[in-house]
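First up is the structure itself, then whatever we jot down about it.
The values are calculated or read from the model by the stated rules, or taken from the named source; none is laboratory data. All values reported here derive from a predicted model rather than from experimental measurement. With ideal geometry, Cβ positions are generated from the backbone for all residues, glycine too; neighbour counts draw on all protein chains shown. Only protein heavy atoms, including side chains, enter the accessible area calculation; ligands, DNA and RNA are left aside. Shrake-Rupley method; radii C 1.70, N 1.55, O 1.52, S 1.80 Å.
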Amino acid sequence: MRRLKIAIRGVVQGVGFRPFVYRLASEEALVGWVRNGPQGVFIEVEGPQRSLDEFLLRLPQEKPPLSFIQSLEYSVLEPAGYPDFRIRRSLDGGEKQALILPDVATCPLCREEVFSPGDRRYRYPFTNCTLCGPRFSIIQALPYDRRHTTMKKFAMCERCAREYDEPRNRRFHAQPNACPECGPQLALWDGAGAPLAERDAALCQAADAVRRGEVLALKGIGGFQLLADARNEAAVARLRQRKRREEKPLAVMCPDLEGARRCVHLSAIEEQVLLSPQSPILLARRRPAAGIAPSVAPGNPHLGVMLPYSPLHHLLMSDLGFPVVATSGNLQDEPIVTDEEEAVATLGGIVDCFLVHDRPIERYVDDSVVRVQLGREVVLRRARGYAPLPVTLKQKLPPLLAVGAHLKNTVAISRGRDVILSQHIGDLETAQAFFAHRKVFEDLLRLYDVKPRAVACDAHPDYLSSQHARELGFPVVEVFHHHAHLASCLAENELDGEVLGATWDGAGFGEDGTIWGGEFLVGDAGGCHRVATFRPFRLVGGEQAMREPRRSALGLLFEMEGEAALERPWSFLKGFSEGERHLLGQMLARGSNSPITSSCGRLFDAVAAFLGIKAVSTFEGQAAMMVEFAVQEGVDDSYPVSLLIAGEGQPLVFDWEPVLHAMLRDQERGVEAGVICTRFHNALAELIVEVARQVGLERVALTGGCFQNRYLTERAFHRLEEAGFRPFTHQRVPPNDGGIALGQIAVAAAKVA
Ligand SMILES: [Zn+2]
Ligand SMILES: [Zn+2]
Ligand SMILES: [Zn+2]
C-alpha cells in the first residue's frame, strides 16, 4: 500500500477534471481525495502499487477533452488511511498558478437539451456545463468557483444544486450552472432602454426585429454585438452608416455549418476551425451567389463567417434561419460595451432594440479572428476562445508586464514559464481605449497575483502604451518594435539561438529613429541586428499617408525622380488638386512632416495606388489587402529582385525601383492587374530567399502584419523550403501587433534575468 500526492497544473478547473479523477479513482478502487486549489488540482490517492501505476498512466490519457495538463508532479508517501474517495472543498490562498480557461462554445450535449421540448432547459439561453460555457468573461478571482464569478448573485435551485453536487453529473461543479428556474433571464428593450418583453417572448420579438430589417444589440458572452439581416442591403447599410464604419468588412454569423458552406468555400480544416470550442470568425473565400448584401464586405472576395457559440445565439439563429451581420457593439476605436445601462447610453443612437440579460460580464472579450494558412489556423485577432491561455516558453521567466504596441493592442504578463497574452484590446486611439488598456493589464496582474519586476514597452517615444509603462514606477525595458516581432515568433515556435527574421509590417519605430517596416533582422530575444532593409522613401504628411496609399506612391516617385515626379501622368496624382500637388512637392523637397520609412506595408499601398486599385483607404491595411486579393493562382514568374550593398557593416538594401519599373511596363502593355500583383508578391518571396542565402542561416522566421497575407506567407514559406531553409510562422499568436506583447516579454526576460 502506498499513497501518491499529485499536483496538476494547467487547464484543469471548470472542465470536469475533478469528477473525472473521482471516476478514475473509483474504477481503480483507490481511496483519498481531489480538490481545486489556487495552483491547480491536487490529488491524494492510496492503494496497491499496481492500481496507483494504472491511475498515473490513465490520468493524462483519459483526461476530459477540454482540459490541458501542463505539469504533473507527484511524490510517494506512507498511506494516511483514508476511508473512501472524496471531492474536497476548494482552497484559497497561496501563489496563484492555476490557469483560467477561455470562454468555450456550447457543447453538443447542451445544444441538444436547449432544442429538446421535453427538457427542463428547453429554449433556455444560459445553459452550460463543465464542457462549455462562459469562463474568462465571468471570473472575478481564482480559484475558479461560483462565488468568484458573476454567477454568484444567482442562488441555484434545488435541481441545479443537485447536479452541481453530484460527481457523476456533467454539471458537477459547473460554476455558471443555471436553469430557467434560478438563472439569468432575457429581456428586450427598445432603443431608449424601455422594456418591451421578457424571457422567451424577448427572444422571439428580437428575432422579429431582425427579420423586419432592424438593428439589434445583443448582450453576448464577452460584450454586446450588433446584429442585422445580412441579406438586407438597407439594414446593413443603415448599420454601417450609424456606426460610421465605411468599408471595413463586417463578420457574418450563419445558423449552422450548412449555412456557412453556402456563404464561403470551406476546406476540411476550415470547417474544423468553425466547429471548434474556440468558435472564431473565420476568414474564407466567399461564394459569389451567397445572397449576402453587397455592403457587408464591399469589394472583398473574402468573408468573415462564424457559427453560433452560445445557446442564446443558437436559439436566435435557428429562429431566423438566415445569416446575420454580427459585429462588435462599440463605437469606432472604442472597447466593446459590456453593461446594458452603458449600452443604452452609447449604442442607443445606433440600434433599434436591445436583447439583454442579467448575467454580468466581468471583462470584455471580442470575437477572435482566424485564417487558415499553410493548412493550419493562424489567429489574427486573439480574444474569445483563445485568451487567456498561456504560451509556455522553455525557460522560467521573471515576473514581467508587457504593454504591447499601439494598433491591435494586447498586453501580457509572465508567470513561471507561462506568458499570458491578454484578449485583443484594439487600437489605442481614443481615451476609452487608453483607459481599457490600463484596466486590462491591472486586471491580469490582479487575477494572477503577479508583481512585475519590470515593464516592457515599445521603444516608440510617443506611444500611449509606453506612456502607461513609464507611469507605473517599475523599471522600464524599451523594446524595439521589430525586435519584439522577431522574439514573438521565436517564443511561439520555441526557437533558441540566432535566426533570420523577415519582420515586415506597416510601421514601427526603428533604431535609427526612422519608421521601419521592411526589415530583416538576425538575432534572438537577447539581441538582434539589421542585415537588410527596404530602400527608404518619404511619407508625405506622416499619419495622413497611412490612410492615403497615393501618398506612398508619390513618396516612391519622388525618391526616384525628385520634383519631376509631380508632373508625371499617373492617375493617382490627378486625384490631388493643383494646390495640393504643389504643397506636397514642397513638403517632400524640404522633408517637412515627411518621415523616412522602409515600410513594407506602405510599399503595398504604393502598388495599390499605381495600379489604380486604391488611392485612398478607409481603414488600416485596406489597400494592402486589395493587392493580396488581386493575386491570381498559377502565375509563377516574378519581377527582378536587386539587393544593393550599402557599405561595410551596413544592411543590404532591397531596391524596389526595378520591381516598380517592371510593374509599370507590364501595366502599359495591358497586363492584367491580377498578374502584376502576383508577380509583385512573388518578387517579395524571392527577396526573402535571396537574403536568406546571403545571410546563410537555416532558420527563417516570417513575422509582422504583412504575414497576415496568405499568398505572401505561403509563397515565401514554400520557396524557402525549396531552397533548403527552415521557415517558421505564427499560429496561436497573431503575426500582427497583437503578438508584440509576447515578444516584449521574451526580450525583457533576456535583459532582466
Ligand atoms: Zn455543455
Ligand atoms: Zn436551476
Ligand atoms: Zn508591427
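Below is a table of values for the structure above.
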read-out	value
Filtered residues of region 192-216 (kept if under 16 Å from residue 311 (Cβ atoms) and not in a helix (DSSP H, G or I))	none
Strands (runs of 3 or more DSSP E) (entirely within region 490-581) containing at least 2 residues that are modelled with pLDDT of 95 or more and touching a Cys at 6+ places or on another chain (Cβ under 8 Å)	499-509, 515-524
Of all residues making up region 60-87, the number that are modelled with pLDDT under 85, over 33 Å from the mean Cα position of the chain (by Cα) and assigned to a loop (DSSP other than H, G, I, E, B)	1
Region 401-414 - residue that is part of a strand (DSSP E or B) and more than 17 Å from residue 492 (Cβ to Cβ) and, of those, farthest from ligand 3 (Cβ to nearest atom)	401
Pairs with Cβ under 8 Å, 6+ apart, first in region 140-168 and without any contact (Cβ under 8 Å) to a residue 40 or more places away in the chain, second of a type in the set (Val, Ile, Thr)	148/139
Among (1) closer than 30 Å to residue 256 by Cα; (2) touching a residue at least 40 places away in the same chain (Cβ under 8 Å); (3) open to solvent by less than 60 Å² (accessible area, probe 1.4 Å); (4) not aliphatic (A, V, I, L, M) - the single one residue 116 does not satisfy	(2)
Residue, surrounded by the fewest Cβ atoms within 10 Å (Cβ to Cβ), within region 397-449, restricted to residues that are touching a helix residue (DSSP H, G or I) at 6+ places or on another chain (Cβ under 9 Å) and small (Gly, Ala, Ser)	433
Residue list for region 145-177, restricted to those being away from ligand 1 (no atom under 16 Å from the Cβ), part of a loop (DSSP other than H, G, I, E, B), open to solvent by less than 40 Å² (accessible area, probe 1.4 Å) and closer than 22 Å to residue 34 by Cβ	145, 167
Looking only at region 187-204, and only at residues there that are in contact with an Asp or Glu (Cβ under 9 Å, 6 or more places away or on another chain) and open to solvent by 10 Å² or more (accessible area, probe 1.4 Å), the one that is nearest to residue 360 (Cα to Cα)	187
Residue satisfying all of: in region 299-322; closer than 18 Å to residue 233 by Cβ and over 23 Å from the mean Cα position of the chain (by Cα); surrounded by the most Cβ atoms within 10 Å (Cβ to Cβ) among these	320
The one condition in (1) of a type in the set (Gly, Ala, Ser); (2) touching a residue at least 40 places away in the same chain (Cβ under 8 Å); (3) away from ligand 2 (no atom under 16 Å from the Cβ) that residue 133 fails to fulfil	(3)
Yes/no for residue 653 being farther than 19 Å from residue 371 by Cβ and in contact with a Lys or Arg (Cβ under 7 Å, 6 or more places away or on another chain)	yes
Subset of region 178-191 [away from ligand 2 (no atom under 15 Å from the Cβ) and either more than 30 Å from residue 353 (Cα to Cα) or assigned to a loop (DSSP other than H, G, I, E, B) (or both)]	191
The one condition in (1) at pLDDT 95 or above; (2) within 21 Å of residue 313 (Cα to Cα); (3) within 16 Å of ligand 1 (Cβ to nearest atom); (4) more than 25 Å from the chain's Cα centre (by Cα) that residue 128 fails to fulfil	(4)
Residue satisfying all of: in region 88-112; more than 30 Å from residue 445 (Cβ to Cβ) and either within 16 Å of ligand 3 (Cβ to nearest atom) or buried (at least 17 other Cβ atoms within 10 Å of the Cβ) (or both); modelled with the lowest pLDDT among these	107
Tally, over region 37-53, of residues that are open to solvent by 40 Å² or more (accessible area, probe 1.4 Å) and over 28 Å from residue 416 (Cβ atoms)	4
Matching residues in region 453-474 - criterion: being open to solvent by 60 Å² or more (accessible area, probe 1.4 Å) and either within 16 Å of ligand 3 (Cβ to nearest atom) or free of Cβ contacts under 8 Å to residues at least 24 places away in the same chain (or both)	462, 467, 470, 471, 473
Within region 471-484, considering residues that are in a helix (DSSP H, G or I) and modelled with pLDDT of 95 or more, the one nearest to ligand 1 (Cβ to nearest atom)	484
